[in-house]
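Contents: one structure, followed by commentary.
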Amino acid sequence: MKMTLGGALALMALAGCETTTTTVSQPADCGAAAMQVYLGQTFAQSMIPPGAEPVRVGGPTTAMTADFNPNRLTVLLDAEGKLEEAKCQ
């Protein structure tokens, strides 16, 4: 059996191919869903659902890191201290 250089290269390329399956699990709700009922209300620590951790709270002038953490509850307030947004970030 005679194999050409191109055929040998193709076989080597295919030998390196492997099918892998990656499962992406959805993180548990960080508590943002429970806070949606408080939108527009003045923020109080008691609004944060029990067990929500880590939590960060910030307003329009608060500096926050840009790193993404799907398990972290991020609470954003407006200039008057009212709950503007709650999200997992």
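The values are calculated or read from the model by the stated rules, or taken from the named source; none is laboratory data. Everything quoted here is computed from the prediction, not taken from an experiment. With ideal geometry, Cβ positions are generated from the backbone for all residues, glycine too; neighbour counts draw on all protein chains shown. Remember, those area values only see protein heavy atoms, side chains included, never the ligands or the DNA or RNA. Shrake-Rupley method; radii C 1.70, N 1.55, O 1.52, S 1.80 Å.
Scanning for something open to solvent by 50 Å² or more (accessible area, probe 1.4 Å) and either touching a His at 6+ places or on another chain (Cβ under 8 Å) or touching a residue at least 40 places away in the same chain (Cβ under 8 Å) (or both), does segment 43-54 turn up at least one residue?
If we filter segment 43-54 for residues that are open to solvent by 50 Å² or more (accessible area, probe 1.4 Å), which is where we start, we get 45-46, 50-51, 53-54.
Now narrow it down to the ones that are either touching a His at 6+ places or on another chain (Cβ under 8 Å) or touching a residue at least 40 places away in the same chain (Cβ under 8 Å) (or both): none.
Checked against the condition, which is being open to solvent by 50 Å² or more (accessible area, probe 1.4 Å) and either touching a His at 6+ places or on another chain (Cβ under 8 Å) or touching a residue at least 40 places away in the same chain (Cβ under 8 Å) (or both), segment 43-54 yields no hits at all.
Any residue in segment 65-82 that is open to solvent by 40 Å² or more (accessible area, probe 1.4 Å), polar (S, T, N, Q) and not in a loop (DSSP other than H, G, I, E, B)?
Taking every residue of segment 65-82 in turn, none turns out to be open to solvent by 40 Å² or more (accessible area, probe 1.4 Å), polar (S, T, N, Q) and not in a loop (DSSP other than H, G, I, E, B).
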